[in-house]
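Written below as C-alpha cells is the structure these notes are about.
Coordinate-derived values only; no laboratory data. What you are looking at is a predicted structure, and each value in this text was computed from that prediction instead of being measured. Backbone-built Cβ (ideal geometry, glycine too); neighbour counts: all protein chains shown.
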Amino acid sequence: MTDISGPPRLTHLTFHGPLSENRSDRMIRRLTTPAPVTVLDLGCGWGELMLRLLEALPGATGTGIDLNADDLARGRAAAEARGLADRVRFRQESAVSPTVGPADLVLCLGASHALTEAQPPEHTAAALRALRRLVPPGGRVLLGETFWQRPPTPRELSAMWPGADGTEFHDLAGLVDLTIAAGFRPSWIETASPAEWEDFESGYQSDVEEWLAAHPGHPLAEQTRERVDRHRSAWLRGYRDVMGMAYLTLVPVS
Ligand SMILES: C[S@@+](CC[C@H](N)C(=O)[O-])C[C@H]1O[C@@H](n2cnc3c(N)ncnc32)[C@H](O)[C@@H]1O
C-alpha cells in the first residue's frame, strides 16, 4: 500500500521560535522570581516554555490556548510525561477574546496575531492592549514579537512572503514605545541572536529535508520540495538578519 502521509512536522524544534536553552533558562529564573501562581500562554503551540515554568513553580497552574490540535496534543503528552497533567490545561480555542484569564504571568510568544483580528502593523498595539487587560498589578507579560532589525530593501521584501510590506512590523524602539503606550514598563529587553534564528530555521526545515531524502518518489515529494524551497528562499534571500524577534518582559503599570 502507498504511504500517503507526508513528512513529520517540527519534531526537531524544542520551542516554536528562535529561542535557545540558555535564554529560556534565564527567562525562567527572571519570570519565576515574583512567584506567579497562574500562567496563561496565548497561541501556546505545545507550550514548552509554560511547562518549564510550571516545573520551576511547584503549585502553580497553567492554561495554554491554541487552535492547532496537533500542537496541543504534543503539549498534553509532554505535560503527562513530566507529571504536570493535573496543573496544566491545553484548550483548543481562539486567543481573540479568550475565555480564560487574567493570570499572574501571561506568555505570548510569536503569537500576537492570535490575540486580535487587527491587521499588521496595528495588530501589535491591539495585542498589547489585550495583554494589558489580562495581567493584574504585580504580574508580568513575556511578549515575543517580530520587528525589523533594519528597513528591508525592496528586493528582500519581494523574496519574503506574498504581500510582505516594510510597514508590517515596527523597529525595536518603536515596539518598546508601543508597550509603554499600552500601560507597561519594559523590565527586560532582549532579542534572538543569529544562532537562535539559524537553529530555528534549520530545525523547522530539517524534518522535511530528511523525509525528502528518504522518499524521493513519494506522491507528495514534488509539492513538499517546492514548499520547503520557497520557505528556505524566503529566509535566506528575504528576512534573514532583517526580521528580528524581541523578547520583552513587561510590567503592568497604572
Ligand atoms: C509561531 S507559533 C508560536 C507557538 C508558541 N507560542 C511557541 O513559542 O512555541 C504561533 C502559534 O499561534 C497559534 N495561533 C494562530 N492564530 C491563533 C488564534 N486565533 N488563537 C490561538 N492560537 C493561534 C498557531 O496555531 C501557532 O501555534
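Miscellaneous remarks
- Within-15-Å neighbourhood charge of Pro137 [Cβ basis; K, R +1; D, E -1]: +3
- In Hz, Karplus ³J(HN,Hα) per residue of region 170-179 (6.51, -1.76, 1.60; θ = phi - 60°; x = Gly, Pro): 9, 7, 5, 5, x, 5, 5, 4, 5, 5
- 5 angstrom amide H check on Val88, placed H, neighbours 5+ away: Gly62
- Region 1-39 and region 89-122: distance between their alpha carbon centers, rounded to Å: 17 Å
- Arg185/Glu209 FRET efficiency (R0 45 Å; Cβ-Cβ; nearest 0.05): 0.55
- Gyration tensor verdict on the chain (Cα atoms; rounded if a/c is under 1.5, prolate if a/b is larger than b/c, oblate otherwise): oblate
- Net dipole in debye of region 65-157 [+1 Lys, Arg Cβ; -1 Asp, Glu Cβ; about Cα centre; nearest 20]: 260 debye
- Each other residue within a Cβ distance under 13 Å of Ala181 adds +1 if Lys or Arg and -1 if Asp or Glu, for a net charge of +1.
- Shape analysis of region 9-68 places it in the oblate category; the axes a ≥ b ≥ c from the Cα gyration tensor give an a/c of at least 1.5, with a/b not above b/c.
- Average Cα contact separation per residue, the chain, under 8 Å, 6 or more apart, as relative contact order %: 24 percent
- Estimated vicinal HN-Hα couplings, Hz - region 80-95 in sequence order (Karplus 6.51, -1.76, 1.60; Gly, Pro = x): 4, 5, 9, x, 10, 4, 7, 10, 9, 10, 10, 10, 8, 7, 6, 7
- Each of Ser206, Ile4, Phe184 was placed along the dipole of the chain (beta-carbon charges, centred on the mean Cα), and the one lying farthest toward the positive end is Phe184.
- Under 5 Å between amide hydrogens, built in the peptide plane, is the criterion, and for Val242 it picks out nothing among residues at least 5 positions away or on other chains.
- Proxy reagent accessibility, fewest Cβ within 10 Å first, across Ile189, Ile65: Ile189, Ile65
- Under a 5 Å amide H cut-off, with hydrogens placed 1.01 Å from N, Asp41 pairs with Thr63, Gly64, Ile65, Leu107 among residues at least 5 apart or on other chains.
- Taking region 17-44 and a reference point 7 angstrom along Cα→Cβ of Asn68, the backbone N atoms nearer than 13 Å belong to 17-18, 43-44.
- Neighbour-count order for Leu115, Leu40, fewest beta carbons within 10 angstrom listed first: Leu115, Leu40
- Ranking of Cys108, Cys44 by neighbouring Cβ atoms within 10 Å, starting from the fewest: Cys108, Cys44.
- Taking Cβ atoms as reference points and 11 Å as the exclusive limit, the residues near Trp197 contribute a net charge of -4, counting Lys and Arg as +1 and Asp and Glu as -1.
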